[in-house]
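The values are calculated or read from the model by the stated rules, or taken from the named source; none is laboratory data. Everything numeric here is computed off the predicted structure, so don't read it as measured data. Cβ placement follows ideal geometry from the backbone for every residue including glycine, while neighbour counts extend to all protein chains displayed. Calculation scope for accessible area: heavy atoms of the full protein, side chains included, ligands and nucleic acids excluded. Shrake-Rupley method; radii C 1.70, N 1.55, O 1.52, S 1.80 Å.
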Amino acid sequence: MLWLKAFHIFFVVSWFAGLFYLPRIFVNLAMVPAENTAERDRLLLMARKLYKFVTPIEGLAIITGLWLWFGYGFSGGWLHLKTALVVGLVVYHHYCGRVLKRFLAGENARTHVWFRFFNEVPVFFLLAVCILVVVKPF
Ligand code: HEM
């Protein structure tokens, strides 16, 4: 079980690297002047590669979590709330995919200020999930 948990934490950390960095690229993309196509294309390439890389890792973080849950008999309200928060993270992740599509189509209407707030959302999810899984308050 400890090997599985080690891989679970590894995939979770890698997933969060993407959840923290991708919206940061959106902040920069929203600030690029329209005429600076070279900078825009460079940022779009980074965002596309990062999204493509981190999406399977999202799956592995969830699969190893569910394996821990159902394979080793974990239970408790903490796990249900944790899973609900993870569903929120999955929605956030795939919303980033939609935002990326809009940037690729040149149709983004959000400001860099909006993306700066958007970028902070995963921080609160991470804090809540870590408290739930380590402290198991209920
Ligand atoms: C559906 C998705 C997930 C499920 C079902 C799940 C389930 C679990 C279970 C059963 C454990 C073992 C708990 C223990 O050993 O006490 C665990 C460990 C852990 N999970 Fe998840 N997890 C999921 C996703 C995540 C995500 C997204 C994060 C991070 C935000 C996360 C962070 C952790 C951490 C840090 C541990 C190690 C806790 C410890 O060793 O005390 N998990 N997870």
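Computed quantities for the displayed model
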{"read-out": "Looking only at the stretch 11-56, and only at residues there that are assigned to a helix (DSSP H, G or I) and of a type in the set (D, E, K, R), the one that is most open to solvent (accessible area, probe 1.4 Å)", "value": "LYS52"}
{"read-out": "LYS5 free of Cβ contacts under 8 Å to residues at least 60 places away in the same chain and in a helix (DSSP H, G or I)", "value": "no"}
{"read-out": "Meets criteria (without any contact (Cβ under 8 Å) to a residue 12 or more places away in the chain and out of contact with any strand residue (DSSP E or B) (no Cβ under 7 Å at 6 or more places or on another chain)) for THR64", "value": "no"}
{"read-out": "Residue tally, condition open to solvent by 50 Å² or more (accessible area, probe 1.4 Å), without any contact (Cβ under 8 Å) to a residue 60 or more places away in the chain and touching a Lys or Arg at 6+ places or on another chain (Cβ under 9 Å), over the stretch 107-134", "value": "2"}
{"read-out": "Residues located in the stretch 70-97, provided they are open to solvent by 50 Å² or more (accessible area, probe 1.4 Å), under 22 Å from LEU126 (Cβ atoms) and in a helix (DSSP H, G or I)", "value": "HIS80, LEU81, ALA84, VAL87, VAL91, HIS94, TYR95"}
{"read-out": "Those residues of the stretch 84-138 which are within 16 Å of the ligand (Cβ to nearest atom) and at positive phi, in sequence order", "value": "LYS136"}
